[in-house]
1. Starting from residues that are over 15 Å from Ser81 (Cβ atoms) and of a type in the set (S, T, N, Q), keep the ones in the stretch 20-60 and report whichever is surrounded by the fewest Cβ atoms within 10 Å (Cβ to Cβ).
2. Do you know which of the residues in the stretch 170-213 that are closer than 20 Å to Phe60 by Cβ and among the hydroxyl-bearing types (Ser, Thr, Tyr) is surrounded by the most Cβ atoms within 10 Å (Cβ to Cβ)?
3. Just need a number here: residues in the stretch 4-34 that are of a type in the set (D, E, K, R), over 20 Å from Ala69 (Cβ atoms) and touching a Lys or Arg at 6+ places or on another chain (Cβ under 7 Å).
4. Among the helices (runs of 4 or more DSSP H) contained in the stretch 154-253, which hold 1 or more residues that are at pLDDT below 95?
5. If we scan the stretch 126-134, do we find a residue that is crowded, with 16+ Cβ neighbours inside 10 Å, of a type outside the set (Phe, Trp, Tyr) and in a strand (DSSP E or B)?
6. Of all residues in the stretch 1-56, which are of a type in the set (Val, Ile, Thr), free of Cβ contacts under 8 Å to residues at least 40 places away in the same chain and in a loop (DSSP other than H, G, I, E, B)?
7. Please verify whether Arg67 is under 21 Å from Arg162 (Cα atoms), in contact with an Asp or Glu (Cβ under 8 Å, 6 or more places away or on another chain) and either of a type outside the set (S, T, N, Q) or crowded, with 22+ Cβ neighbours inside 10 Å (or both), treating the condition exactly as stated.
Amino acid sequence: MARPTVSAVIIARDESAHLADCLESLGFVDEVVVVVDASSRDETEAIARAGADRVLVREFDDFAGQRNAGLSQAHGDWVLSIDADERVTPELAQEIQTMTIDLTRDEVAYRLPIRSVVLGRAFRASGTQNDRPVRLFRRDLGRWEGRVHETVRVQGRVGEMRANLTHRTIPDMRTFLHKLDKYTTLEAEQFAREGRPWRHADLLVRPAWTFAKLYLGKSGFRDGLEGLMFCSLSAVSVAVRHWKHRELLRGPA
């Protein structure tokens, strides 16, 4: 019986600073597919074509759409879905190889722990310690859903890896603020599409609760000044997305 194969699918937009290192960490897979946002303005596409087996340039609709487009281009028995600013550690690469070739196991997908580097600091708290999304799954048994915070719906048992992905997210404040603006817009638009009502508590209570949950409940104080900024701006993002939602419901001024 042939050895099961693994495809890696990466989504990327303006990721010339990260993509090459991401590709280098994937030397153990059988195939790499990169989905490049057509709005990229840097060398992302050129780097992808130099280091990937297949490149798809696509207009962004939503994150699930981008990932499913890459999934449709993959040929491996298993799909590892990662972002350009993530890295597969050697330990995780070995664990993925071991798990996917073991035909006695009945898992069809695996959760991967993620260790985030935020504002240049490796985080161990602030809520990031709980990040264990499904990122490895049987190609024929999984599909992405959700326009903003997308997840994989799989048909079968889900296991968990021990080794982790490294996520080099939010290297500086400019990136943080750019992501805050982008994601709050997408979230507000989703609220409006769903017909969700706007409430004053969304501005008066939710941001404060978010800060308290992350900084105190999730021990964000253990991540130093970077943790304070992360928890504070996470609370601000809650306020911003609900304000944008309010603007959408009210219409042009």
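1. Going through the qualifying residues, I end up with Ser39.
2. My answer is Thr184.
3. 1
4. In the stretch 154-253, 173-193, 201-204, 224-250 are the helices (runs of 4 or more DSSP H) which contain 1 or more residues that are at pLDDT below 95.
5. Within the stretch 126-134, one or more residues are crowded, with 16+ Cβ neighbours inside 10 Å, of a type outside the set (Phe, Trp, Tyr) and in a strand (DSSP E or B).
6. None - no residue of the stretch 1-56 is of a type in the set (Val, Ile, Thr), free of Cβ contacts under 8 Å to residues at least 40 places away in the same chain and in a loop (DSSP other than H, G, I, E, B), so the list stays empty.
7. So Arg67 fails the test.
The values are calculated or read from the model by the stated rules, or taken from the named source; none is laboratory data. These numbers come from a predicted model, not from an experiment. Every residue, glycine among them, receives a Cβ derived from its backbone with ideal geometry; neighbour counts consider all protein chains shown.
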